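Inspection log for the structure reproduced underneath, given as structure tokens.
Derivation of every value follows stated rules applied to the coordinates shown; laboratory data play no part. Worth saying up front: this structure is predicted, and the values here are computed from it rather than measured. Cβ coordinates were reconstructed from backbone atoms using ideal geometry, including for glycine residues, and neighbour counts include every protein chain displayed.
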Amino acid sequence: MNRLTQALQARRNQGLYRSRRVVSTPQQAELVVDGKRVIAFCSNDYLGLASHPEVVEALRQGAEKYGVGSGAAHLITGHNRSHHRLEEALAEFTARPRALLFSTGYMANLGVIGALLKTGDRLFEDRLNHASLVDAGQLTRAKMVRYQHRDPQSLELQLARSDGGQALIATDGVFSMDGDLAPLPELVELARKHRAWLMVDDAHGLGVLGPDGGGILSHYGLGVDDVEILMGTLGKGFGTYGAFVAGSEGLIETLIQQARSYIYTTAPPAALAEATLVSLRLARRESWRRERLNSLVERFRHAAGQIGLPLTESATPIQPILAGSARQAVAWSMKLEEQGVLVSAIRPPTVAEGSARLRITFSANHTDTQLERLLDALAKLPQAVA
Ligand SMILES: *Cc1c(COP(=O)(O)O)cnc(C)c1O
């Protein structure tokens, strides 16, 4: 195992070593991490629902009713009526004929691409897509082509250059490490022109964008005829766990028959579906959570601009601050932590070489005072401010 130890040491030397922190509180704005109280600006619990009392109560009651384990895969005896009701609620929420639950977003992406494409087909992906979409592309027998980030012209060149089989364009809706939006209207047009299917992974848009949290598709006013395949996760804006795919009857039935990451795995607990039914209702109904988020983001951007922090184009609750080198990002993150503010450093290979960053995220639960604390701490990063 000498080889492993050496590789680990090399990783350490490059500032790329990753380690876990132990959290001993529920997910909320203030956490106890490794025994220390901090204000966290790095979770994806955008709406602040992860430890909402009604969601917790639904989980508890669900467990009393159905126990904990689901006992088997969905296609055996694991498919509880709570799962079924949640699928119906998600289909209604996304205004699509059907929805299908997956255990995680990672598995949903592997499942969809694995089920829909075969040898001779073509998969087109944005360069900055989430790792799960990239991994799905590496596993498929179809040919994967990456196009320049948010660049329809680059996509069109690639589409025109290749030929044969079914084409599928897959993109993050809100890019997870950058917070910017996919140019969906243009992608829809290109997909039509080239008879390609379009898949949007809206892990960071659902619950957050659009009037009732309908995500990036409702932000752009796009429906199932524009984007055939919608993937959403439940562990971010909705504050619970799991994922789903929504689309036509034909799509969902195909996934039930063919998506290996759906078929060959134990169904998630029914109680979790009960909890998500409640968080979905809260996410839709309580628009103040989205308004609060938007106001935090606006105030952050305004104040950060005044300090001279290098902001990006993002208008979403994902606000990166580019550091460049992994070492710089880690040094900044440590400096913030000394002041009781937790923001994680995102380094290669999660992001491209030379684009390591702090990834600041906001939650509707953050208070004004907590925002001030973040800004004060950021203002003390000497190399960051212009
Ligand atoms: C988080 C994320 C996933 C993975 O979802 P999990 O449910 O956490 O496995 C997929 N796609 C994107 C864009 C994500 O941000």
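Looking at the chain as a GNM with Cα springs under 10 Å, which of ARG161, ARG284, ARG20 has the largest mean-square fluctuation?
ARG20
With springs only between Cα atoms under 10 Å apart, run a GNM on the chain and tell me which of ASP212, ASP126, ASP163 wobbles the most.
Result: ASP163 has the largest fluctuation of those listed.
Determine, for THR276, THR140, THR77, THR369, the number of other Cβ atoms within 10 Å of each Cβ, and report the residues in order from fewest to most.
On the way: THR276 31, THR140 21, THR77 11, THR369 8.
Listed from fewest to most nearby Cβ atoms, that is THR369, THR77, THR140, THR276.
May I ask you to sort SER248, SER287, SER355 by Cβ crowding, counting other Cβ atoms within 10 Å and putting the fewest first? Let's see the in-between values first.
Details: SER248 15, SER287 12, SER355 20.
In order of increasing Cβ crowding within 10 Å: SER287, SER248, SER355.
Summing Lys, Arg as +1 and Asp, Glu as -1, what charge do residues with Cβ under 15 Å from the Cβ of ARG60 carry, ARG60 excluded? All intermediate terms of the calculation are to be shown ahead of the outcome.
Numbers: positive: LYS65; negative: GLU54, GLU57, GLU64, GLU274.
Local net charge: -3.
Please rank TRP332, TRP288, fewest neighbouring Cβ atoms within 10 Å first, as an exposure proxy. Could you put the intermediate results ahead of the total?
On the way: TRP332 23, TRP288 10.
So the ranking, lowest neighbour count to highest, is TRP288, TRP332.
How big is the antiparallel share of DSSP beta bridges in the chain, given as a percent to the nearest 5?
Percent antiparallel among DSSP bridges in the chain is about 55.
Grab the other residues whose beta carbon is less than 10 angstrom from that of ALA329, score K and R as +1, D and E as -1, and report the net. Working shown, then result.
Working: positive: ARG327, ARG347, ARG357, ARG359; negative: none.
Charge balance near ALA329 sits at +4.
Using Stokes-Einstein with the Kirkwood hydrodynamic radius over Cα pairs, what translational diffusion coefficient do you get for the stretch 53-285 at 4 °C and a viscosity of 1.567 mPa s, in µm²/s rounded to a whole number?
Details: Rh = 17.7 Å.
Calculated translational D: 73 µm²/s.
Give me a comma-separated list of calculated 3J(HN,Hα) values for the stretch 190-198, in order, Karplus coefficients 6.51, -1.76, 1.60 applied at θ = phi - 60°, integers in Hz, x for any Gly or Pro.
3J(HN,Hα) across the stretch 190-198, in whole Hz: 5, 4, 4, 4, 9, 6, 9, 7, 10.
Taking K and R as +1 and D and E as -1, what net charge do the other residues with C-beta under 12 Å from the C-beta of ALA131 add up to? Walk me through the intermediate numbers first.
Working: positive: none; negative: GLU125, ASP135, ASP172, ASP201.
It works out to a net charge of -4.
Below 8 Å, C-alpha to C-alpha, sequence gap of six or more: please give me the relative contact order for the chain in percent. Intermediate values should be presented prior to the final figure.
Details: 783 pairs, mean separation 87.3, N = 386.
Dividing the mean separation by the residue count of the chain yields 23 percent.
What does the helix-only formula give at 222 nm for the chain: each DSSP H stretch with n ≥ 4 adding -39500 (n - 2.57), the total divided by the residues, and the result rounded to the nearest 500 deg cm²/dmol? Could you put the intermediate results ahead of the total?
Values: 14 runs with 161 residues, N = 386.
Estimated from H runs of four or more residues: -13000 deg cm²/dmol.
Once you sort the root eigenvalues of the Cα gyration tensor of the stretch 139-269 as a ≥ b ≥ c, which label holds: rounded (a/c under 1.5), prolate (a/b larger than b/c) or oblate (the other case)? Could you put the intermediate results ahead of the total?
Values: a/c = 1.75, a/b = 1.19, b/c = 1.48.
In terms of gyration-tensor shape, oblate.
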